[in-house]
1. So, in segment A:124-176, of the ones that are over 22 Å from residue A:189 (Cα atoms) and polar (S, T, N, Q), which residue ends up surrounded by the most Cβ atoms within 10 Å (Cβ to Cβ)?
2. Please list, ordered by first then second residue, the pairs with beta carbon atoms under 8 Å, 6 or more apart or interchain, first in segment A:5-33 and on the phi > 0 side of the Ramachandran plot and acidic (Asp, Glu), second in a helix (DSSP H, G or I) and at pLDDT below 90.
3. Quick check: anything in segment B:74-91 facing chain A (nearest Cβ under 9 Å), surrounded by fewer than 23 Cβ atoms within 10 Å (Cβ to Cβ), within 20 Å of the chain's Cα centre (by Cα) and among the hydrophobic types (A, V, I, L, M, F, W, C)?
4. On the given criteria, is residue A:288 under 16 Å from the mean Cα position of the chain (by Cα), closer than 26 Å to residue A:46 by Cα and at pLDDT 95 or above?
5. With the checklist (1) of a type in the set (Phe, Trp, Tyr); (2) more than 22 Å from the chain's Cα centre (by Cα); (3) in a helix (DSSP H, G or I) in hand, flag the one item residue A:134 doesn't pass.
6. Under 6 Å between Cβ atoms, which residue pairs at least 6 apart in sequence (or on different chains) link something in segment A:77-106 that is more than 20 Å from residue A:237 (Cβ to Cβ) with a partner that is in a helix (DSSP H, G or I) and of a type in the set (Lys, Arg)?
7. Does any residue in segment A:268-289 that is at positive phi come within less than 9 Å, Cβ to Cβ, of a residue that is surrounded by fewer than 24 Cβ atoms within 10 Å (Cβ to Cβ) and outside any loop (DSSP other than H, G, I, E, B) six or more places away or on a different chain, and which pairs are these?
8. I need a count of the residues in segment A:19-69 that are more than 7 Å from chain B (Cβ to nearest Cβ) and either closer than 19 Å to residue B:102 by Cα or aliphatic (A, V, I, L, M) (or both).
Amino acid sequence: MLSSPKPRRQWPDWLAGYALLSPALLVMAATLAAPVVALFVLSFWSQTGFDIDRTFTLANYWKLIEPSSEPMVWMGIPFPFAYPVAAILMLKSLVMSLVATVFVIAMAYPMAYFLAFRVTRHKALWIILLTIPFWTSYLLRVFAWKIVLGYNGAINTGLKSLGIIEAPLEFLLYNPIAVMITLAHAWIAFTVLPIYVSLEKIDRSLLEAATDLGDSRLKRFWRVTLPLSAPGTIAAALLVFIPTVGDYVTPTLVGGPGGTMIGTLMQELFLRQDNAPLGAALAIVMMAIIAGIVALFLWAVGYAKMRERSR
Amino acid sequence: MLGKPSALFIYAIAFMIFLYGPVMLMPVFSLNDSTFATFPLKGFTTRHYASMLANTSMILSLKNSLVVGVAVSITATAIGLPAAIALTRYRLPGGGPVLGAMMLPLVIPSIVIAVALLAIILRFLHMELSLWTVGAGHILLCIPFSMTVLMSRLEGFDKSLEEASRDLGENAWMTFVRVTLPLAAPGVISSLLLCFIISFDEFVIAFFLTGTENTLPVYLFSQLRFPNKLPGTLALGSAILLGSALLVVAAEMLRKLGVQSAKPGDL
């Protein structure tokens, strides 16, 4: 007769689980939660010369929105603020990120579609070729565009030696368009794979059913493939939009004076002008605005329902 | 199969050229016998690489980056492994939100992470900035990647192997050492490699949080401003690109090794 196994002394599942999770949770608390709280507290203090005045004040937030009777006009839009640079850069960053994100998705989607539905051989090779840029130095991928677009860059000297232009084109680098092209290129590697995964998950019999029921290929794409891949595509878009709003590297390297973004101002406040409390308020406001836009967007497209459907 | 290539195939090739083209110029110009990154190419030389190796401040920052990268990758993986086991092997109340929170560093702009850490380190803890503070930021950044890699590996093999070990009388620790760890090993190594690359290539957090010692990307950034340093910068950049590409390929191949995951290409 088999002896019954000795009952093991066991912790309850949740306790054992959380014990295993505790190092990670501690690190997250120390390097993310606590610093964000510190940033929040700092934004209610003020800078007096080299010292920090720790009395509670809303002055930093007020400075960001303080109205002025003489609006500063930027791109035809009046900004009626006493410190308009923050609002202008915020709007500019949001618009530039949005444009870059739209381009990224528009370019990445066909690539992901090709990978999911057309590639039969060497799929692993395609995937690894798309993965490598994802991991390699962001700084270098951005810097590469400086070599491409610069006054003495590849495009200018290339066209010149081909005899197409006589003098270098000066408008290529150091402007918002250069920033948007570079952002799109630097972040596109992050989007192909998530979109590909959401396309790959689509049940092929649904596509066959649509064809059998008389949909043309275009109609089938519009009514079946696109809606079912929408959640993954939206997630990929957010993965680009949110971090790029606060990007610092790209505007600094290829933006020039005209291509600055909100991250540039934040760096100046923290490291150059030494007004960390104002910089902290700016960071908090930026995160709040991004979170608000993202929430509004997800609500408007009915993201929760969409995910439910494509499950 | 043979026939006119489809429009999508042509698009995919164009996409790859767009993706790799600008970056590929760096190694091309780094081997060009000129102090400018300009066409037409002048001739082949390796002197930019030789002058790069003779640059002591570059070597010093390379050493710093290696030290931070190794320490970060080991720490992040050591923290990530038990957490990944917890989230794949235990039924946890609140497991979903915990995993969601761990993915947060992916979507927070790194400048916000950098200034938040700067705020607590300088204004609350009154500590000096150093490679330690850079490392702390990098560990946070690596956790979501280490977790995803490890969790997909742990989900990729049969739990019943661990149950069998427990039923045969091994305790939890020995089951981990003799069953889970060997099976998870490709994921662990892949997590180590990927976390190392993330830390080694990371610029913004290092730029804000480093003290007097530079990491390699911070050093590189400081050189980008000087046009006369361009060839050396290009050589250094090309070497970094080649090194990280090799590591990524190794990590990806390890990750694919024996994983019967139904989610190809999943992060």
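The values are calculated or read from the model by the stated rules, or taken from the named source; none is laboratory data. It should be emphasised that the depicted structure is a prediction, and the values quoted were computed from it without experimental measurement. Methodologically, a virtual Cβ is constructed for each residue, glycine included, from the backbone with ideal geometry; neighbour enumeration extends over all protein chains shown.
1. Of the residues in segment A:124-176, the ones over 22 Å from residue A:189 (Cα atoms) are A:150-175.
Right, trim to polar (S, T, N, Q) and you get A:152, A:156-157, A:161, A:175.
Values: A:152: 15, A:156: 22, A:157: 19, A:161: 13, A:175: 17.
Applying the filter and picking the extreme gives A:156.
2. If the second residue must be in a helix (DSSP H, G or I) and at pLDDT below 90, no pairs are left.
3. Yes, because at least one residue in segment B:74-91 is facing chain A (nearest Cβ under 9 Å), surrounded by fewer than 23 Cβ atoms within 10 Å (Cβ to Cβ), within 20 Å of the chain's Cα centre (by Cα) and among the hydrophobic types (A, V, I, L, M, F, W, C).
4. On the way: under 16 Å from the mean Cα position of the chain (by Cα): yes; closer than 26 Å to residue A:46 by Cα: yes; at pLDDT 95 or above: yes.
Spelling it out, residue A:288 is indeed under 16 Å from the mean Cα position of the chain (by Cα), closer than 26 Å to residue A:46 by Cα and at pLDDT 95 or above.
5. (2)
6. Final answer for the pair search is A:83/A:63.
7. As it stands, the answer is A:274/A:47, since those pairs meet every condition given.
8. Taking segment A:19-69 first, the residues more than 7 Å from chain B (Cβ to nearest Cβ) are A:19, A:22, A:25-26, A:29-30, A:33, A:37, A:40-41, A:43-51, A:53-69.
Subsequent filtering for residues that are either closer than 19 Å to residue B:102 by Cα or aliphatic (A, V, I, L, M) (or both) retains A:19, A:22, A:25-26, A:29-30, A:33, A:37, A:41, A:58-59, A:64-65.
Result for segment A:19-69: 13.
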